[in-house]
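Only one structure is covered here, and it is reproduced in the block below.
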Amino acid sequence: MSRLNEQKGDRDAAVSNATIGAQLAAIHAWGQGDPSKLSESHHPVLVANGDADVMAPTINSFELARRLPNAQLSIFPNAGHGGIFQYHAVFGKQALNFLR
């Protein structure tokens, strides 16, 4: 938690309630759609999440990676929705390797 206050200037603007609502609606809609066409995508995809994400449940990441034929899955331990930021050094290396 102490890292939250390290950056004093040039911080992002606060997220509006409308934006939060739109994000939650998109996450809910993702779970309602027909995922069968995901198997038709052959593009490489890096799926990353924390093992304790309550905003976009971690099980969805496993399901997404299972349905995408060329997916790589990375689940960060003891991490929530911001797992890629908690493990920025590891994720950065994974992302660079993925993009090569």
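The values are calculated or read from the model by the stated rules, or taken from the named source; none is laboratory data. Here the structure is a predicted model, which is why all the values come from computation and not from measurement. Here the Cβ is made from the backbone with ideal geometry for all residues, glycine too, and neighbour counts use every protein chain on show.
Quick notes
- Restricting Gly31, Gly80 to those that are without any contact (Cβ under 8 Å) to a residue 60 or more places away in the chain, crowded, with 16+ Cβ neighbours inside 10 Å and outside any strand (DSSP E or B) reduces the list to Gly80.
- Filter result for the condition that a residue is at pLDDT 90 or above, surrounded by 10 or more Cβ atoms within 10 Å (Cβ to Cβ), polar (S, T, N, Q) and not in a helix (DSSP H, G or I), over Ser74, Ser61: Ser74
- Evaluation of Gln23 against the conditions (1) modelled with pLDDT of 90 or more; (2) surrounded by 12 or more Cβ atoms within 10 Å (Cβ to Cβ); (3) polar (S, T, N, Q) shows that the sole unmet condition is (1).
- The stretch 45-58, subset closer than 27 Å to Arg100 by Cβ and among the small types (Gly, Ala, Ser), residue modelled with the lowest pLDDT: Ala56
- Taking the stretch 14-28 as the range and being over 17 Å from Ile59 (Cα atoms) and in a helix (DSSP H, G or I) as the test, the residues that pass are Asn17, Ala18, Thr19, Ile20, Gly21, Ala22, Gln23, Ala25.
- Residue satisfying all of: in the stretch 40-58; in contact (Cβ under 8 Å) with a residue 40 or more places away in the chain and surrounded by 13 or more Cβ atoms within 10 Å (Cβ to Cβ); nearest to the chain's Cα centre (by Cα) among these: Ala48
- Taking the stretch 53-100 as the range and being among the charged types (D, E, K, R) and either out of contact with any Gly (no Cβ under 6 Å at 6 or more places or on another chain) or on the phi > 0 side of the Ramachandran plot (or both) as the test, the residues that pass are Glu63, Arg66, Arg67, Lys93, Arg100.
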